[in-house]
1. What lysines does A:Lys128 reach when the alpha-carbon gap must be under 19 Å and sequence neighbours fewer than 8 apart in one chain are set aside?
2. With no solvent and one equal point scatterer per Cα, compute the Debye intensity ratio I(q)/I(0) for region A:103-165 at 0.22, 0.29 Å⁻¹ and report its log10, rounded to two decimals.
3. For B:Glu10, place a label point 7 Å from Cα along the Cα-to-Cβ direction in every copy; what are the distances to the other copies, in nm, shortest first?
4. Determine the principal axes of the Cα atoms in the protein assembly as shown, then give the extent along each, sorted from largest to smallest and rounded to whole angstroms.
5. About the Cα centre of the protein assembly as shown, what is the dipole size in debye to 20, counting +1 per Lys and Arg Cβ and -1 per Asp and Glu Cβ, all else neutral?
6. 7 Å from Cα along Cα→Cβ at both A:Val58 and A:Glu134: what's the point-to-point distance in nm?
7. Run through region B:4-79 and list the trypsin sites (Lys or Arg not before Pro) located in a DSSP loop whose Cβ has at most 12 other Cβ atoms within 10 Å.
8. Between the DSSP loop rule and a limit of at most 10 other Cβ atoms within 10 Å, which GluC sites (Glu not before Pro) in region B:73-170 are left?
There are 2 protein chains.
Amino acid sequence: MTKLPGKTIERLSQYRRSLLVCVENGKDYIFSHELAELHHITPVQVRRDLMLLAYSSVYRKGYPVRQLIEAIGTKLESPEGQNVAIMGMGNLGSALSQYLASVRPKLKVVAGFDVDSSKSGKIISGVKCHALSELKSIIDSENISIGIMTVPQSAAIEACELLCKAGIKGILNFTHVSLTVPDNVFLEEYDMITSLEKVAYFVKQSEE
Amino acid sequence: MTKLPGKTIERLSQYRRSLLVCVENGKDYIFSHELAELHHITPVQVRRDLMLLAYSSVYRKGYPVRQLIEAIGTKLESPEGQNVAIMGMGNLGSALSQYLASVRPKLKVVAGFDVDSSKSGKIISGVKCHALSELKSIIDSENISIGIMTVPQSAAIEACELLCKAGIKGILNFTHVSLTVPDNVFLEEYDMITSLEKVAYFVKQSEE
């Protein structure tokens with residue numbers, strides 16, 4: 001299968017979120033211009049993205065919402081789902097594990113890891129926490145392919161190396177250290193301090 | 001003052017994070033190629049960004065780290081600092097308020113708001129929580145210009161409208177609803193589910 005660009009994947013993920021809201025509201029069909037408006041993009045962009053799913057709209061009705069949700073799922077997810085580990089079960093790590101538990105059934109947080117050995121064996125925010133020494137064996141036994149990093153800055157590089165060595169295939173990095181990973185690992189990084197500083201800068205500018 | 005592009009602001013914020021680590025490690029000067037390597041960009045990009053701060057490197061020594069940190073601070077922040085409110089003091093909101101407390105002294109989380117009235121008046125993760133009915137008066141009295149949104153999806157649009165009406169100037173939206181704000185409000189959005197789904201997609205692709 002051809003690999004879609006990251007930006008397309010992001011949009012498909014976001015369309016699905018809106019489509020799930022449609023289902024909740026009892027809406028069975030949606031037009032490309034409606035989806036476009038919800039996401040502040042053009043209808044052409046929406047239609048182009050949905051063509052990748054081999055879907056076109058029904059004349060005067062739009063796209064069938066439920067089928068679209070399914071088609072996006074088939075594109076984005078593997079049928080058996082994927083397992084996720086959280087590295088660093090502090091405040092942010094446990095908040096994320098709780099937040100993620102409810103949102104995507106095919107992405108399951110199945111283990112947490114923390115350097116603090118007093119957390120080992122405990123259930124934190126619904127997830128069992130393990131010692132770092134167990135990383136490799138748990139990743140194998142639980143078939144975990146994705147790691148979310150919420151460790152402190154000082155531990156980021158080491159935690160990333162441990163995850164890669166343990167055979168993780170994708171990392172979502174929430175620490176504010178820019179990481180380097182081997183070619184066979186997919187890395188996505190988000191630094192909330194940078195986002196907040198950006199907002200602060202533009203607010204400051206608007207006040208000057 | 002000319003307004004810098006968002007991407008430049010993001011890089012300056014990230015350079016500063018690395019420079020603060022340099023200070024901790026007793027490193028007084030840094031070359032553009034070192035900063036470039038840390039952030040996976042070209043030295044030319046680094047030099048171009050730092051020229052905006054009216055800084056150039058010292059021959060054979062590089063850039064003076066502490067002065068650079070100060071210059072970035074002057075560019076990004078207002079001298080008196082900016083106050084931040086968190087809208088939605090659930091798991092994510094309280095984790096963020098704790099996380100942010102330690103990181104940027106010029107960006108201070110001074111209030112939390114939650115629809116759950118049993119939280120009113122309580123200190124959650126170091127931040128006093130208020131009822132939504134107090135929003136406008138607290139934003140005025142505490143001089144809050146930035147709002148971080150961590151409410152549930154169903155409350156996102158209303159919470160955003162309340163913040164804008166209360167006079168907030170910038171919003172960092174962590175809900176997965178794409179929002180619309182008036183022209184005088186700066187909006188930055190981040191959806192962690194989308195990031196995670198992106199990682200999952202590329203991991204799935206690598207396994208096929």
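The values are calculated or read from the model by the stated rules, or taken from the named source; none is laboratory data. Everything quoted here is computed from the prediction, not taken from an experiment. Note that we place each Cβ from the backbone using ideal geometry, even for glycine, and neighbour counts take in every protein chain shown. All accessible areas refer to the heavy atoms of the entire protein, side chains included, with ligands and DNA or RNA removed. Shrake-Rupley method; radii C 1.70, N 1.55, O 1.52, S 1.80 Å.
1. Once the sequence-local lysines are set aside, what remains near A:Lys128 is A:Lys106, A:Lys108, A:Lys119, A:Lys136.
2. So the normalised log intensities work out to -1.00, -1.49.
3. In nanometres, ordered from closest: 0.7.
4. For the protein assembly as shown, the Cα extents along the three principal axes come out at 64, 52, 45 Å.
5. Values: 46 positive and 46 negative charges, 89 e Å.
Roughly 420 debye, rounded to the nearest 20.
6. In this crude label model, A:Val58 to A:Glu134 measures out at 5.0 nm.
7. Working: sites: B:Lys7, B:Arg11, B:Arg16, B:Arg17, B:Lys27, B:Arg47, B:Arg48, B:Arg60, B:Lys61, B:Arg66, B:Lys75; in loops: B:Lys27, B:Arg60, B:Lys61.
Filter output for region B:4-79: B:Arg60, B:Lys61.
8. Details: sites: B:Glu77, B:Glu80, B:Glu134, B:Glu142, B:Glu158, B:Glu161; in loops: B:Glu77, B:Glu80, B:Glu142.
Here the GluC sites (Glu not before Pro) that fit, given the DSSP loop and packing criteria, are B:Glu80.
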